[in-house]
Amino acid sequence: MSKKSNKSIEEKSADMVVTPWEVSGIIDYKKLVKKFGTTLLDKKEIETIQKYSKGELHLLLRRGLFFSHRDFDWILKMLEKGEKFVLYTGRGPSGHTHLGHLVPWIFTKWLQDVFDVELYFQMTDDEKFLFNQNLSFSDTRNFAFENAKDVLAVGFDPKKTHFIFDSHLTPAMYRIAAEVAKRVTFSTAKAVFGFSNDSNIGMIFYPSIQAMPCFLPSVLKGKNVPILIPAAIDQDPYWRITRDVAPKLGYYKPAAIHCKFFPGLAEGGKMSASQPDTCIFTTDTPKQAKKKIMSAYTGGRATLEEQKELGGEPDKCIVYWYEFYLFESDDEKLKQMRTDCLAGKLLCGFCKKNLAEKVHHFIGEHQERRNKISKEMIEKMIIKE
Ligand code: TYM
């Protein structure tokens, strides 16, 4: 579990760092949107989505985990004009998949179903090899196949889903990456990603590889295709440079829809594989997952008497946030849980046990689907030419 810091909330939020490689401090999402120059999702976009989803809204959207965007309104306008978009998202295969990674994928699958669109999913086995001194190419390639099983276990339509494995770059893919790289200076890359003299030169080229799938569908289909990228907001720096380059190459700028970070089990901080104790991995046994939930931070009072007298603090409680974003879709039940907690009628042990059962079930079902996915099935979905 993470060590407690003595800093105040204001100090921690002033220290906020969000890059594709580091997320730290207390994240003030309103400030972050300003800093990154993105736009908060508003009612108008949500209402347009509802037109396509027959009124249903995914919990992750309804409860605001997906909260910000770039040009999502344009994607919806193009759709109204009859121009369909393509989804693009990805994974840097440096280890096992955790619940935080699943969050954008679960939402992406919902978008695929609602809009009946194709998905390009990038596995950046080169990225994790280049950025992590302890991983070999065969490690990252193996993780890429393991992680791809999780992707497919989320339920994407195999006929409409294509994998890009960076270690299988096709000539068309390499050519796009080179076209991008030629138009991004080292000075821009340094400013956006913080590269220094210690960065290896593979790292410096890499952003053009992550930009490439934004243009690949247009190249493969021989016409300009709008792209929508669902991902957590840490990936946004890539889209900033890609959007700058797009008009120079004659393509549409990719649009993005961003989520906040799904929290880890400890107090503060996102779920991150760099703190494995705070993660629920899809490879944990359902029993292990259940045990981990029983250790989650709830911010409960020091004694039973105090909890009953002062009530709990749901806004600090990880168990509450897991229910809020992922596990309790019934608004009335959630509201009751919050009211009872504040009134001191709910004890943390009870809430943990309740959530642990749900997570046990969730992981069990995910693994059942995952176990049915073979390497051959994934191979067939990798773009090879
Ligand atoms: P990676 O492997 O770090 O993360 C995969 C996806 O999971 C999101 N994510 C989270 N979302 C919510 N809560 C969390 N705690 C959490 N932790 C991670 C990430 O934002 C990402 O969407 N460079 C990328 C790989 C990549 C990619 C892409 C990602 C290539 N192309 C296009 C998104 C879209 C990476 O290392 O992701």
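Going through the stretch 201-218 one residue at a time, which ones are under 26 Å from the mean Cα position of the chain (by Cα) and more than 16 Å from the ligand (Cβ to nearest atom)? Lay out the reasoning, then the answer.
First, pick out the residues of the stretch 201-218 that are under 26 Å from the mean Cα position of the chain (by Cα): 202-218.
Ser218 - this is the single residue of the stretch 201-218 that is under 26 Å from the mean Cα position of the chain (by Cα) and more than 16 Å from the ligand (Cβ to nearest atom).
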Please give the helices (runs of 4 or more DSSP H) falling wholly within the stretch 299-385 in which 2 or more residues are open to solvent by 80 Å² or more (accessible area, probe 1.4 Å). 304-310, 331-342, 348-371, 375-381
Among the residues of the stretch 38-60, are any modelled with pLDDT of 95 or more, among the polar types (S, T, N, Q) and surrounded by 18 or more Cβ atoms within 10 Å (Cβ to Cβ)? yes
Residues of the stretch 258-282 being open to solvent by 60 Å² or more (accessible area, probe 1.4 Å) and either more than 16 Å from the ligand (Cβ to nearest atom) or in a loop (DSSP other than H, G, I, E, B) (or both), which ones? Glu267, Ser274, Gln275
Does any residue of the stretch 170-179 turn out to be buried (at least 21 other Cβ atoms within 10 Å of the Cβ) and closer than 23 Å to Ile106 by Cα? no
Inside the stretch 134-188, the number of residues satisfying the requirement of being within 21 Å of the chain's Cα centre (by Cα), of a type in the set (Val, Ile, Thr) and farther than 25 Å from Gly95 by Cα is 0
Say whether the condition of being in contact (Cβ under 8 Å) with a residue 40 or more places away in the chain and outside any helix (DSSP H, G or I) is met by at least one residue in the stretch 232-251. yes
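The values are calculated or read from the model by the stated rules, or taken from the named source; none is laboratory data. All of these numbers come straight from a predicted model, not from anything done at the bench. Please note: Cβ atoms are built from the backbone with ideal geometry, for glycine as well, and neighbour counts cover all protein chains shown. Accessible surface is based on the protein model in full, side chains and every heavy atom, while ligands, DNA and RNA are left aside. Shrake-Rupley method; radii C 1.70, N 1.55, O 1.52, S 1.80 Å.
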